[in-house]
Amino acid sequence: MIKLPSYIHFVQPGLMSSVQDLGRFGLAQYGIPYSGAMDRYAVAQVNFILRNPKDAAVLEISGTGPEMVFESETRIVFAGAEPEVLLNGKPINYGQVIDIKPEDHVLVKRIKKGQWAYMGIQGGFESELVAGSRSWYPGITPRTRVRKGDTLCYLSEAERYYPPVETKAKIRSDWFRLSKINVYPGPEWHLLPHLLHNRILNKAFKVSDMIDRMAYQLEENISHELEPILTSPVYPGTVQLTPSGKLIILMRDAQVTGGYPRILQVENASLNVLTQKTPKEKITFTLKK
Amino acid sequence: MDIRFNLINSKLLEISWPKDISPLILEEMMAVKGYLEKEYADGIKEIRMGYHCLSLKLQLDINEKEVSELLEEIESKGLKIDTPSSKLWTIPVCYGGEFGIDLLKLSKFHGLEPEEIIQLHSDPEYLLYFYGFLPGFMYLGGLNERLTTPRKSSPDRSVPAGSVAIGGKQTGIYPCESPGGWHVVGVCPIPLFDIHQDPPVMAKVNDRVKFRSIEKEEYLELKEKSKTGKYQWQHD
């Protein structure tokens, strides 16, 4: 199989595009977060469709998307949030394998549904592998987001040696419309009075516009009398309660320790759903155990 | 050992000590961590540390019954707390001036001369409890109580890499450029974190750190040396 290094040229970078894989593990002891794709389920989908290894690196896109020109043949697919994508000016479908030819022009106009869209590429991106992962993170990888004029390397395969996975059942984006988020009690949950337990579990919370790869803040206030804790371990999915009563749900790029009470821990599958929530969408917490 | 187990879910277990920052608790935590890493290497994916808790991310599922058996096992072992080896690292710091932009404000706030602040800050041996906040950021215990300073009410948008700062009862060094709400008293000319090294940091948990006040001349010299890779970290 002949594979040739080729490049995507970014004519426009889009608002927030970065290379992500499943993350960087085992380095939290040095203060290094996992990072990795916000929606791991979507990454599993694109890599499955393209017959890639599970940890192949993908392009994560948020807000307005990038404008790209491909140097040579490959195949791509979009999943996760549902974007409006044009291939040489013609719309292409979500979840469908697209054959790319040299000089093809792909424009991700905007995201119609959800927060983070993923563009998988055959074989995955060949960007810098740092400490076992290609996920971009400040201070760890040379780049943190795609900039105008950037290039990204992939291995082009001119000939197909196997057909793509035929997905008769179309990929759907409605699974992340779920508003129920499964949670476990966090280490400081039991310090809250019963009354507040009920309030938190019976309330619909609105996602605020303060959302990024580090954390999602919710709009509502839960006034409480919990004391700050001594700095303790936190994870993606840890729900912190700030002194002013805001709920902050930590995401993939969150630091490894925190000083706010950790009242809940979001279940892994629900965390993928949560990442796709956009500002003003409502969620409710369902306690497991 | 006064410890508590808290099973968050079948793959996440927290072991906590009484809420305190104390070298004794750190020793016990190190003993339990060492024991678990030795006996249950296959079952544990990762152990994270805070001041008074260990958080275990597990490879295999665990249930309440197994958790209480594990707790009994640890308590009955009477884990020997061999004082683990601890190195003392010396970190050069150029205090004040253009590098320690908040030193004069701190001096006014505490009614101490800048030299006294430098003296109080560079005198103790600080204990490294764990890494967190930023890659390579050391949580150090042992700041002189006279230097306790409330954090800035609004954080600075950018604190340069290497900045040595005081916030609350803590002191630390920013390994990379970052927003931050601590008061910057100086800068260390040598990078403390390099992701391309294994491990990416020089000091281990339970090591000690001491600051050495240097003049600008030495600062420039050390900066040059570290650029060309000729600087060797100093420890006892």
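Filter segment A:242-257 down to residues that are within 22 Å of the chain's Cα centre (by Cα) and assigned to a strand (DSSP E or B) and give me whichever is nearest to the other protein chains (Cβ to nearest Cβ).
It comes out as A:Thr257.
Tell me, which strands (runs of 3 or more DSSP E) lie completely within segment A:192-241 with 3 or more residues that are away from chain B (no Cβ under 14 Å) and closer than 21 Å to A:Lys180 by Cα?
A:205-211, A:215-221
Residue by residue, here is whether (1) touching a His at 6+ places or on another chain (Cβ under 6 Å); (2) surrounded by 23 or more Cβ atoms within 10 Å (Cβ to Cβ); (3) more than 27 Å from A:Asp174 (Cβ to Cβ) holds:
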{"site": "A:Leu50", "(1), (2), (3)": "no, no, no"}
{"site": "A:Met68", "(1), (2), (3)": "no, yes, yes"}
{"site": "A:Arg75", "(1), (2), (3)": "no, no, no"}
{"site": "A:Gly89", "(1), (2), (3)": "no, no, yes"}
{"site": "A:Gly95", "(1), (2), (3)": "no, no, no"}
{"site": "A:Leu107", "(1), (2), (3)": "no, no, no"}
{"site": "A:Met119", "(1), (2), (3)": "no, yes, no"}
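Please specify each residue of segment A:172-191 satisfying the condition of being assigned to a helix (DSSP H, G or I), of a type outside the set (Asp, Glu) and within 23 Å of the chain's Cα centre (by Cα). Step through it out loud before you land on a result.
At the first step, the residues of segment A:172-191 found to be assigned to a helix (DSSP H, G or I) are A:174-177, A:189-191.
Next, from what is left, pick out any that are of a type outside the set (Asp, Glu): A:175-177, A:189-191.
Listed by number, the residues that qualify are A:Trp175, A:Phe176, A:Arg177.
Filtering segment A:172-191 down to residues that are out of contact with any helix residue (DSSP H, G or I) (no Cβ under 6 Å at 6 or more places or on another chain) and away from chain B (no Cβ under 14 Å), which residue is surrounded by the most Cβ atoms within 10 Å (Cβ to Cβ)?
Of the residues in segment A:172-191, the ones out of contact with any helix residue (DSSP H, G or I) (no Cβ under 6 Å at 6 or more places or on another chain) are A:172-175, A:177, A:179-180, A:183-191.
Applying the additional criterion that residues be away from chain B (no Cβ under 14 Å) yields A:172-175, A:177, A:179-180.
Working: A:Arg172: 12, A:Ser173: 20, A:Asp174: 8, A:Trp175: 13, A:Arg177: 13, A:Ser179: 12, A:Lys180: 11.
Restricting to residues being out of contact with any helix residue (DSSP H, G or I) (no Cβ under 6 Å at 6 or more places or on another chain) and away from chain B (no Cβ under 14 Å), the top hit is A:Ser173.
So if I check each of A:Gly26, A:Gly14, which one is small (Gly, Ala, Ser), closer than 30 Å to B:Val201 by Cβ and assigned by TED's automatic domain parsing to the domain that holds A:Glu73?
Working: A:Gly14 fails: closer than 30 Å to B:Val201 by Cβ.
Step by step, each of A:Gly26, A:Gly14 is checked, and only A:Gly26 is small (Gly, Ala, Ser), closer than 30 Å to B:Val201 by Cβ and assigned by TED's automatic domain parsing to the domain that holds A:Glu73.
Looking at segment A:258-269, is at least one residue in a strand (DSSP E or B), charged (D, E, K, R) and out of contact with any Lys or Arg (no Cβ under 9 Å at 6 or more places or on another chain)?
Checked against the condition, which is being in a strand (DSSP E or B), charged (D, E, K, R) and out of contact with any Lys or Arg (no Cβ under 9 Å at 6 or more places or on another chain), segment A:258-269 yields at least one hit.
If you take the residues of segment B:51-70 that are within 13 Å of chain A (Cβ to nearest Cβ) and of a type in the set (A, V, I, L, M, F, W, C), which of them is surrounded by the most Cβ atoms within 10 Å (Cβ to Cβ)?
Within segment B:51-70, the match that is surrounded by the most Cβ atoms within 10 Å (Cβ to Cβ) is B:Leu56.
Scan segment B:193-215 residue by residue and report those that are closer than 15 Å to B:Pro92 by Cα and touching a strand residue (DSSP E or B) at 6+ places or on another chain (Cβ under 6 Å).
Correct list: B:Ala203, B:Arg208, B:Val209, B:Lys210, B:Phe211, B:Arg212, B:Ser213, B:Ile214.
Mind checking which residues of segment A:33-53 are more than 13 Å from A:Met214 (Cα to Cα), of a type in the set (A, V, I, L, M) and in contact (Cβ under 8 Å) with a residue 40 or more places away in the chain?
Result: A:Ala42, A:Val43, A:Val46, A:Ile49, A:Leu50.
Given the criteria assigned to a loop (DSSP other than H, G, I, E, B), modelled with pLDDT of 95 or more and assigned by TED's automatic domain parsing to the domain that holds B:Cys188, does B:Ile101 qualify?
Spelling it out, B:Ile101 is indeed assigned to a loop (DSSP other than H, G, I, E, B), modelled with pLDDT of 95 or more and assigned by TED's automatic domain parsing to the domain that holds B:Cys188.
Condition (residue is in a strand (DSSP E or B), touching a residue at least 40 places away in the same chain (Cβ under 8 Å) and more than 14 Å from every other protein chain (Cβ to nearest Cβ)) applied to segment B:12-29: is it met by at least one residue?
From segment B:12-29, those in a strand (DSSP E or B) are B:12-16; that's our starting set.
If we keep only those that are touching a residue at least 40 places away in the same chain (Cβ under 8 Å) as well, we get B:12-15.
Adding the requirement that they be more than 14 Å from every other protein chain (Cβ to nearest Cβ) leaves none.
Checked segment B:12-29: no residue is in a strand (DSSP E or B), touching a residue at least 40 places away in the same chain (Cβ under 8 Å) and more than 14 Å from every other protein chain (Cβ to nearest Cβ).
From the residues in segment B:107-135 that are over 27 Å from A:Thr257 (Cα atoms) and buried (at least 21 other Cβ atoms within 10 Å of the Cβ), which one is farthest from the other protein chains (Cβ to nearest Cβ)?
That would be B:Ile118.
The values are calculated or read from the model by the stated rules, or taken from the named source; none is laboratory data. All values reported here derive from a predicted model rather than from experimental measurement. Reconstructed Cβ throughout: ideal geometry from the backbone, glycine too, with neighbour counts over all protein chains shown.
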